[in-house]
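Peer 1: Attaching a single structure in structure tokens format; questions to follow.
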Amino acid sequence: MVTATLDGMAAGGFYDVVGGGFHRYSVDDRWTCPHFEKMLYDNAVLTSTYLHAWVVTGRARYREVVEETVEYMLRELLLPGGAFASAHDADTDGVEGLTYTWTSEEAEEVGLPRELLEPFEHGRFVVRGILDPELRAHVRAARDRRPQPFHDDKALASWNGLALAALAEAGYRLEREDWLDAARALGDVLLGPLSAGDGRLFRALRDGRTSGHGFLDDYANVAYGLLELHVATGEVRWLLEARRLALLAVELFGDDEAGGFFLSPAESDARVPRTKDLQDSPTPSGNAMLAYDLLRLARLWGDDELERRAVSVFRLVEPALRRAPGFFAWALCGIDLWLSPPRELAIVGGVDTAIARAALAPFQPRTVVAIGPSDEVPLLAGKDLVDGKPAVYVCERFACRAPVTDVAELAALTAPTH
């Protein structure tokens, strides 16, 4: 079911096979005719999805989609300073999809084969199928000379947190140091210009000016991105900042009586009722994402209170989840992590060593990871190189096996659990 959906989405139309990246949604059941707006959050979450699908299946097309989508984001959404813009509009000069579609004559002029053209509307066509790299570059260059859709150049903390997670993990797995550098720069923006002097997050940044105090999803998604940035780089500061923001989110949004988290902070306008977003929209709900963050941090710090806070979200979601699980996918990911046998990886000696790459290579959604050495993270405390060699400690609730320095020995210990 997963691969059929991913193949259908990537075939063209909904996915931009010429320029990379995904449009907002499809209006037909073949993913052919899209609404042509391109949103940062869609491209961030789908990058992670196709990346994980490539890791699990090994299908080269999924890796290509990751590469093309990240290249689109860096080429067309990256703003001066390191954050990502929110979106590209669907219309050009008031016409839906004008930049992205072709008449028969336009397609013939740039050498697009007729069999790759699918009808859209008003005599125009979308491109569907695989283009060889040379033709793809030629067609994109021709398309770039057209009038372009409006560029929404505000940077939203929430959506940039999702982009950070995708960019960091893709950069590590595909060994793209330039992507990791872009991820670090984005992390610095989120913790710099998009943060206030007291460490709280702003909602948005545009032209050097911030607006709005951060909501629950801003804190949850940025913490998620920083957790992934830590695993991708091995730099402890990102992990410590993720924990700081998650704890701050508990303080600002937590409901101590009923559990879960409000969308807005306690000191928000009293005339506006405080609500809880439990259901995923096109993005994970703030409650589900923060619960997922807290569970990961709870296992790295051995903190039962953080786990209790996360589980309070699952209790709120459970009645509706039974009726309509498709609306609570991210909560299900969190519940899966919570109910799985706990496993922690403490990796010492950097992320680019052979032993670290072997430990991090599988898709392991039920495993939490910390990279050291560092005495600031309880899971890493007291763990160091072994006879000067990088090492991996495989643990369960802080009960750790003897450290492993040999890749072959590690394979049996880190096989994914089912």
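Peer 1: Across segment 365-418, what is the number of residues that are in contact with a Phe, Trp or Tyr (Cβ under 9 Å, 6 or more places away or on another chain) and open to solvent by 80 Å² or more (accessible area, probe 1.4 Å)?
Peer 2: The qualifying residues number 1.
Peer 1: Inside segment 98-116, can you point out the residues that are of a type in the set (Val, Ile, Thr) and either open to solvent by less than 10 Å² (accessible area, probe 1.4 Å) or within 20 Å of Phe150 (Cα to Cα) (or both)?
Peer 2: Thr99, Thr101, listed by residue number.
Peer 1: Among what's in segment 145-160 and is out of contact with any Asp or Glu (no Cβ under 7 Å at 6 or more places or on another chain) and surrounded by 24 or more Cβ atoms within 10 Å (Cβ to Cβ), pick the residue that is nearest to Ala183 (Cα to Cα).
Peer 2: Asn160
Peer 1: Under 7 Å between Cβ atoms, at least 6 apart or on separate chains: pull out the pairs that start in segment 132-145 with a residue that is assigned to a helix (DSSP H, G or I) and end on any residue that is loosely packed, with under 13 Cβ neighbours inside 10 Å.
Peer 2: Close Cβ pairs satisfying both conditions: Leu135/Gly111; His138/Gly111.
Peer 1: Also: Of Gly129, Gly123, Gly187, which residue is of a type in the set (Gly, Ala, Ser), over 30 Å from Ser264 (Cα atoms) and in contact with a Leu (Cβ under 7 Å, 6 or more places away or on another chain)?
Peer 2: So the residue among Gly129, Gly123, Gly187 that is of a type in the set (Gly, Ala, Ser), over 30 Å from Ser264 (Cα atoms) and in contact with a Leu (Cβ under 7 Å, 6 or more places away or on another chain) is Gly129.
Peer 1: Please indicate, with yes or no, whether at least one residue in segment 339-350 is assigned to a helix (DSSP H, G or I) and either crowded, with 22+ Cβ neighbours inside 10 Å or in contact (Cβ under 8 Å) with a residue 12 or more places away in the chain (or both).
Peer 2: no
Peer 1: Still on this structure: Which of the residues that make up segment 189-211 are of a type in the set (D, E, K, R) and outside any loop (DSSP other than H, G, I, E, B)?
Peer 2: Arg203, Arg206, Arg209, listed by residue number.
Peer 1: Can you name the residue in segment 237-293 that is hydrophobic (A, V, I, L, M, F, W, C) and assigned to a loop (DSSP other than H, G, I, E, B) and is also most open to solvent (accessible area, probe 1.4 Å) among such residues?
Peer 2: That would be Ala270.
Peer 1: Now for a separate question. Having 2 or more residues that are within 25 Å of Arg357 (Cα to Cα), open to solvent by less than 30 Å² (accessible area, probe 1.4 Å) and free of Cβ contacts under 8 Å to residues at least 60 places away in the same chain is the bar; report the helices (runs of 4 or more DSSP H) wholly within segment 1-97 that clear it.
Peer 2: Helices (runs of 4 or more DSSP H) meeting the threshold: 40-57, 60-72.
Peer 1: Here's something else I'd like to know. Identify all residues within segment 98-117 that are part of a helix (DSSP H, G or I) and either in contact (Cβ under 8 Å) with a residue 40 or more places away in the chain or under 18 Å from Leu131 (Cβ atoms) (or both); write none if there are none.
Peer 2: Across segment 98-117, the qualifying residues are Ser104, Glu106, Ala107, Glu108, Glu109, Val110, Arg114, Glu115, Leu116.
Peer 1: What pairs come out if I take residues in segment 202-213 that are farther than 11 Å from Ala155 by Cβ and pair them with residues that are among the basic types (Lys, Arg) and in a loop (DSSP other than H, G, I, E, B) whose C-beta lies under 9 Å away, six or more apart or interchain?
Peer 2: Qualifying pairs under 9 Å: His213/Arg200.
Peer 1: Name the one entry in Gly225, Gly214, Gly197 that is of a type in the set (Gly, Ala, Ser) and open to solvent by 30 Å² or more (accessible area, probe 1.4 Å).
Peer 2: From the options Gly225, Gly214, Gly197, the qualifying one is Gly197.
The values are calculated or read from the model by the stated rules, or taken from the named source; none is laboratory data. Keep in mind it's a predicted model, so treat the numbers as computed, not measured. Because the Cβ atoms are built from the backbone with ideal geometry, glycine has one as well, and the counts that use them run over all protein chains shown. Surface areas here come from the heavy atoms of the whole protein model, side chains and all, with no ligands, DNA or RNA. Shrake-Rupley method; radii C 1.70, N 1.55, O 1.52, S 1.80 Å.
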